[in-house]
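**Student:** What follows is a structure written as structure tokens; I'll ask about it next.
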Amino acid sequence: MLVVDKGLQKLLKNVNLSLRDRTLNYPSREAIRQYLGKKVGIFHKPAPLKANTLEALAGGRPLLGVDGSVHSYGATFPHIIHCFRALAAATTSAVENGIFQVDLFYPEMAPHRREIEEMVSRAAADGEVLTPEAAAARVVRQKLAVLEIEVAIEAVRRYQPFAVLFDGGFLRYGGLAPSQWQTYRELSLARDVMSVGVIEEVGTFDLARYVSGSFPGATSFGCDRELLFGLLDRGEWLAIREGLKFKKTYYTCFARPGRHPGVVAYDFFQEQSRQVAKFIPLLFALTPLGGRGIPHWLDLVDNAVRIRRSEMELLLATGLDKGVRERLFVPKREGRIL
Amino acid sequence: MQIVGHTTQQEVYAASRQRPFRINELLLIEDKVHNYPLGEVVETQSFNRYIPLVTEHSDLVDRRVRENLAQLGYDIEADTIHLARIRILAELVSPVSVGIAVRVPAFKEIEDFLIPRDPDTGLVLGVIRGTEELTSGLPANLTNVALLYQKDKGVLPQRGIPYIMDHWTWPEYPHIGIFGGSGSGKSFALRVLLEEVMWQQLPALVLDPHFELSFTEAFPDLPPPYRGDFARRSTVLMAGRDVGILFEELNGADLLALLQAAGEVTENMNNAIQTLHHRRDSFTSFSNRLRDLTQGLEEEQDLKRRLREDAGGDPWEKREIERILALVAKYKDRVGHVSTLRAISRRLNRLHMERVFTSGIEPIQEAILNRRLVVVQGPIWFLQVLGAYVIRKFYRERRQYQDAEQTGEEAPKFPPFLVATDEAHNFAPRSPEIPAPARSILRTIAQEGRKYGVFLLLASQRPALLEDTITAQLNTKLIFRTIRSSDLDVIREETDLGPEEIRRLPYLGSGNAFVSSASVGRTIAVRIRVAKTVSPHSRHPFLELREDFIPPEEKLRKALLQCLPLGDFNFDVHLGALQQKLRRQISIEEITHCLEGMVIDGVIEKEEMLLGVEYRQRKD
Ligand SMILES: Nc1ncnc2c1ncn2[C@@H]1O[C@H](COP(=O)(O)OP(=O)(O)O)[C@@H](O)[C@H]1O
Ligand SMILES: [Mg+2]
């Protein structure tokens, strides 16, 4: 369809109208800031880090970036191959020389099928009914989290970093791989390693919910992302008051490190919350002003670990017999002409 | 270095962390299955992980962030990867496997591939680019046979494997084109090629509209062993002085072509020419006929009256009048108006003034028969006509000789030969609208010359304007820097240059070229060697001013400075020597004037002495 679909256009217009109405009723930026400052937390605008102070702050130790990637190839369950790769890279060597770990998951292989069955029965014990497909999806997410934590643990042991940046929040690790996450936590705390989960897409609601209703006219802010959009100045961050813990185990704050008006969130371990104020300027110093708000080192790690489609195709082309590949994995849609 | 990414039978990518790739370098792929094929690097890239990120997002990663990362130990260089796209130079049946190692080959491994003949029996035109690393492994007979030149550094030793053109393949793959924009190195390359042609003693006729192709002066600072005596193997002739066209040998078509070169020729004029020109006419007989007829047409009534009056009894005048009136009666209806004849006369006179008809082409023929290179210099319009005439004649004689050989008949010997010219698009323009006497013979040679051992060597900065059947027949093309898109189109069509090479064409440095050759079957990147000779007027005009046009006053000043101190007391002592040195009369007044000038300019000092004035060296 090369011309805009009139019907869809009209429906989208309604969405726009309702969102606009909502913003029309917003209190002013100042009013929200005032309210947040009084009830929820404190706005900090630290001075930028002075040049050549980073090395001293880091104590001569490197920074670590951790990220993982999964690429799935295939048409229909169970004939889907998942390839995993995780990377923990220290700034003292090339990104490519970091610690890599890979894994593969294919539901039709006996041990993997057993993992799915175990997942189903574990859920059943908790009174949850999982289809094998849903269970497989959970296994996949779990495997990725485990892989990332494992490279992080190994890298902390090997590189003695002063800080570890994770690409994503802590909830995922704690939820999907509790015992490995616990190991990591203890190790990093013992070695005085600062851990940060950098969240690019803030997906929480807690703040928005807390604030909604506190203003006359019962304004709803939807989600935190919406509430905080454009609310922080550049180089500013919002600390949440102790006692107002939205995420139970972690200390979360919001920040706007660059020009983009949206915010990112940082997760820290509660035990390290006292160091957060000192640490955030350092994060800012490593984040490009024009970018998405992610520290550059994490971008590099993300770029190196990602399994791209071309790589996946090359892998499959060289690793699988053509017959096998065609019969089971090549989605019919790849043959589409249009 | 190893193969990475996608591979096909024709193309692979190689990556290296340590060593940047060089464009056009040859690499050996250590693939046993495919018998170690060679590849040529056609595209190189070195990139840092930063770069893709820079382009993905709008903004550059700010310096601040990079410096801060550097403080945490990050070495940006460590993440630099060198990539090369490699064209495989063999026909493989299946792709090369990923992960296979790639290395620089030893000379022995690629010798057969790159050296078609040894340098003594081929044309050594330059070096193959991308083979620089192999220089030290070259055998003695391939070392320093192609010295290089760089404007700011002068003559340089050979770096790389020599590029040797195999002219023995010409009967199969005839004719050479040299194309490139102005300043790209065409003329330089033409000179180098002609030097090699002379070295092989291939007879050649060179039409030189730029008056630059003489071979008597050695290239400055060339090491002696590299020099060659080209004066002995070449002859330079000036059109109109040393060579011309004997009017007696012209036919109507030749004459038309000549007159066209001197000015536009209308259909009426052409009719008149064909009518009035007789076989074996001399210049005098033809121009007299033209003059008399013109007079007759203009004064017909007068002349008839004079005749009736019996020409006042003068028998000589009577005969003259009768002769002229007879001409009028014979041609009147066929030659049109007097103005047509006048126009023809004007053109004919112009040619005469340029001394077109004063001599013949024997000197050219003699040089060709002696296996020399003969350069004919002259204005382009003259060369067009003379060239067309000479080439047609030589080609005919060569053909007759060879055909006679076949049938066992007798015919004068005539050797195979080459025809070379710069600005070829002027001799054989593509547009049929433009009159060009040499076009048809050049086209004939392009199409069938190889049968008779007659070959073309055409240089042009406008391939798009060159006759297209000729372009298509040039089996070897040297392509220099080209910018114009219409020319690039022709090159794309008429050569096997790939898109990478086409993309590089506008940026080639002077003297670098791609050689697209049907006999080799692939494109080779070359750097043309230093020429062994120079054009006599290649000196910078301002340098020439400085060296050859020193004002007389300047010369006198210099000479006087060497005679100081000077004064009335010793003028006569020096005068003789000064006159001899400057080879002219010099007066005491002139000397005094000149010395006074130098005093004013502060070059010397002057002091009044008892015996008069003394001029002397400044003390500081
Ligand atoms: N093979 C070469 N090596 C070094 N310099 C060259 C070479 N060819 C050309 N040049 C330089 O480029 C200049 C222009 O070359 P020229 O042959 O006169 O260009 P064109 O005939 O294409 O206009 C020369 O004067 C010379 O300085
Ligand atoms: Mg030139």
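The values are calculated or read from the model by the stated rules, or taken from the named source; none is laboratory data. Just so it is clear, the structure is predicted and the values come from calculations on it, not from any experiment. Cβ placement follows ideal geometry from the backbone for every residue including glycine, while neighbour counts extend to all protein chains displayed. The protein model used for the area step is the full one, side chains on, heavy atoms only, and it has no ligands, DNA or RNA in it. Shrake-Rupley method; radii C 1.70, N 1.55, O 1.52, S 1.80 Å.
**Student:** Could you list which residues have their amide H under 5 Å from that of B:VAL206, counting only those 5 or more apart in sequence or on another chain, with H placed in the peptide plane?
**Tutor:** Amide H to amide H, under 5 Å and 5 or more residues apart or across chains, B:VAL206 pairs with B:VAL374, B:VAL375, B:VAL376, B:ALA420.
**Student:** How would you order B:97-104, B:477-484 from highest to lowest mean count of nearby Cβ atoms within 10 Å?
**Tutor:** Going by the mean number of other Cβ atoms within 10 Å, highest first, we get B:477-484, B:97-104.
**Student:** For the protein assembly as shown, give the percent of accessible area contributed by carbon and sulfur heavy atoms, probe 1.4 Å, rounded to a whole number.
**Tutor:** 52
**Student:** Additional query: Read phi for every residue in segment A:112-129 and hand back ³J(HN,Hα) as whole Hz from Karplus 6.51 cos²θ - 1.76 cosθ + 1.60, θ = phi - 60°, with x for Gly and Pro.
**Tutor:** Per-residue couplings from phi come out as 6, 4, 4, 4, 5, 4, 4, 4, 4, 6, 4, 5, 4, 4, 8, x, 10, 9 Hz.
**Student:** How would the protein assembly as shown be classified by its alpha-carbon gyration tensor: rounded, prolate or oblate, with rounded meaning a/c under 1.5 and the a/b versus b/c comparison settling the rest?
**Tutor:** prolate
**Student:** What distance in nm separates the two pseudo spin-label positions at B:GLU493 and A:GLU242, each 7 Å out from Cα along the beta-carbon direction?
**Tutor:** It is 8.3 nm.
**Student:** Sticking with this one: For a quick protection proxy, order the peptides B:374-386, B:271-283 by their average other-Cβ count within 10 Å, most packed first.
**Tutor:** Result, highest mean Cβ count within 10 Å first: B:374-386, B:271-283.
**Student:** Between segment B:108-176 and segment B:488-558, how many Å separate their Cα centres?
**Tutor:** Answer, in whole Å: 18.
**Student:** Sorted by average packing, counted as other Cβ atoms within 10 angstrom per residue and highest first, what order do B:495-505, A:12-22, B:549-559 take?
**Tutor:** Peptide ranking by packing, descending: B:495-505, B:549-559, A:12-22.
**Student:** Taking the Cα centre of segment B:214-275 as origin, sum charge times position over the Cβ atoms of Lys and Arg (+1) and Asp and Glu (-1), and report the length of that vector in debye to the nearest 20.
**Tutor:** About 340 debye.
**Student:** Between 0 and 90 degrees, rounded to the nearest ten: what's the tilt of helix B:338-353 against the longest Cα principal axis of chain B?
**Tutor:** Relative to chain B, helix B:338-353 is tipped by roughly 60 degrees.
**Student:** Return the calculated 222 nm mean residue ellipticity for chain B, to the nearest 500 deg cm²/dmol, obtained by summing -39500 (n - 2.57) across DSSP H runs with n ≥ 4 and dividing by the residue count.
**Tutor:** Rounded to the nearest 500, the figure is -11500 deg cm²/dmol.
**Student:** Compute the long axis of helix B:380-407 from its Cα atoms, compare it with the longest principal axis of the Cα atoms of chain B, and write down the angle in degrees, 0 to 90, nearest 10.
**Tutor:** Helix B:380-407 and the main axis of chain B meet at about 80 degrees.
**Student:** Also, I was wondering about something else. Taking each residue of A:61-70 in turn, how many C-beta atoms of other protein chains fall within 10 Å of its C-beta, and what is the average?
**Tutor:** Across the residues of A:61-70, the mean count of other-chain Cβ atoms within 10 Å is 1.
**Student:** Given a Förster distance of 51 Å, report the FRET efficiency between B:LYS558 and B:SER282 from their Cβ-Cβ distance, rounded to the nearest 0.05.
**Tutor:** 0.35
**Student:** Could you state the accessible area per residue of the protein assembly as shown in Å², with a 1.4 Å probe and every protein chain left in place?
**Tutor:** Computed with neighbouring chains in place, this is 49 Å² per residue.
**Student:** Also, quick follow-up: Taking the Cα centre of the protein assembly as shown as origin and charging only Cβ (+1 Lys, Arg; -1 Asp, Glu), how large is the dipole, in debye to the nearest 20?
**Tutor:** So the dipole magnitude of the protein assembly as shown works out to roughly 2580 debye.
**Student:** I've got another one for you. Once both axes come from the Cα atoms, what is the angle between helix B:571-582 and the longest principal axis of chain B, in degrees from 0 to 90, rounded to 10?
**Tutor:** Result, in degrees: 80.
**Student:** Here's a follow-up. Given charges of +1 on the Cβ of Lys and Arg and -1 on the Cβ of Asp and Glu, with all other atoms neutral, how large is the dipole of chain B about its Cα centre, in debye to the nearest 20?
**Tutor:** 720
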